1. Among residues belonging to segment 146-180 that are within 30 Å of Ala283 (Cβ to Cβ) and either within 19 Å of the chain's Cα centre (by Cα) or among the hydrophobic types (A, V, I, L, M, F, W, C) (or both), point out the one that is surrounded by the most Cβ atoms within 10 Å (Cβ to Cβ).
2. From the list Ser192, Ser165, Ser211, Ser139, exactly one residue is modelled with pLDDT under 90 and of a type in the set (Gly, Ala, Ser). Which is it?
3. If a residue must be surrounded by fewer than 18 Cβ atoms within 10 Å (Cβ to Cβ), assigned to a strand (DSSP E or B) and touching an Asp or Glu at 6+ places or on another chain (Cβ under 8 Å), how many such residues does segment 89-115 contain?
4. Limited to segment 247-291, what total is found for residues that are within 21 Å of the chain's Cα centre (by Cα), buried (at least 17 other Cβ atoms within 10 Å of the Cβ) and within 15 Å of Phe88 (Cα to Cα)?
5. For Ile121, work out the one condition from (1) within 22 Å of Tyr266 (Cβ to Cβ); (2) not in a strand (DSSP E or B) it doesn't fulfil.
6. From (1) modelled with pLDDT of 90 or more; (2) touching a Gly at 6+ places or on another chain (Cβ under 7 Å); (3) small (Gly, Ala, Ser), pick out the condition that doesn't hold for Ser71.
7. Quick test for you: out of Thr131, Thr136, pick the one residue that is assigned to a loop (DSSP other than H, G, I, E, B) and among the β-branched types (Val, Ile, Thr).
8. Could you check how many residues of segment 81-97 are among the charged types (D, E, K, R) and either in contact with a helix residue (DSSP H, G or I) (Cβ under 7 Å, 6 or more places away or on another chain) or modelled with pLDDT under 90 (or both)?
Amino acid sequence: MGMSIKSKQISYGLIPFAFGVWGCVSAGVPHTFQSGNPALASEVNENFDSLDTRLTVVESQVDDGDYSGFSGGFSPVGSDKNVVVLAFNNPSGTGYWVRSSYANSTETVMVNGVQTVRPYIANYVFVGTDTGGNVTTVSNQLEAPDTADYDDYYVEISNYNTDGSNKQVQDSWRESLKCGGSRIRVCVVTKSSGGSYISTTRQSRVRTLQSSFTQGSNNWTFNSVRVETDLDEGNTDRMRIQAKGIGEIFRTYDQGSTHIERSAIYYRVNGNTKGSLAGTPFATGQPLEGLFF
């Protein structure tokens, strides 16, 4: 709105109104003036204060925009998985963060000790390489929700050999996720693991919408993004950017004394691809590509 109404308050004694416009906006304000009659500056300022207060209330009730649809959606059963690959450099080499999501009709996950088919699967894969490009670490957090809106889901943490073989489940649990808010996002997680129940409040983030964003690492331009910035500076996840219909494309955070930025180098959403996996551990035909894509 630019300048506040209050900044337009009048500081001198009497104002002659030679026109009748004021009557058009007089409803609900403390003082009403007639054309041609003088008005006390204090009364005019009271009217401005009244309007400013009510505008502030209205602004607080206005929806700041549609914040939905910025996470990676689940691709249909039988089609290529929706996937986003982010790359980042660290002192030991290059790391890759892979986020894939797809509807599931046959794949099983561990549910209370029983291999069970779940309707949806989301993989959050981390692959580390050394300075020579050799894979040193492969781990995965698999999330298996009941529904696409992630209301209730199972989590499975696993490590793999560097060629993607020999899956070793490290931990598994069930979560119930409830989130609220638009610009300020708060999630309450109820987690059961080993018979114990823990209720926690996840970090709050300021969320804003941006009409366009150009990713500097590869000069990709996205027409609609959601920016999330942590309120808690002590948390390592400082900021992330998600593109409409694609999911996370950029993340920046501090790891000790090292500042890290993850940037998308490849994504495939509903069969449409952008970028390349050449020179990565996920090049076509490699075991990791087949396992997680």
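The values are calculated or read from the model by the stated rules, or taken from the named source; none is laboratory data. Values in this document were obtained by computation on a predicted structure and should not be read as measured data. In this analysis, Cβ positions are derived from the backbone assuming ideal geometry, glycine residues included, and neighbour counts consider all displayed protein chains.
1. Taking the candidates together, the pick is Val155.
2. Ser192
3. Qualifying residue count for the region: 2.
4. 10
5. Evaluating Ile121 over (1) within 22 Å of Tyr266 (Cβ to Cβ); (2) not in a strand (DSSP E or B) leaves (2) as the failure.
6. Condition (1) is where Ser71 drops out.
7. Thr131
8. Within segment 81-97, residues that are among the charged types (D, E, K, R) and either in contact with a helix residue (DSSP H, G or I) (Cβ under 7 Å, 6 or more places away or on another chain) or modelled with pLDDT under 90 (or both) number 0.
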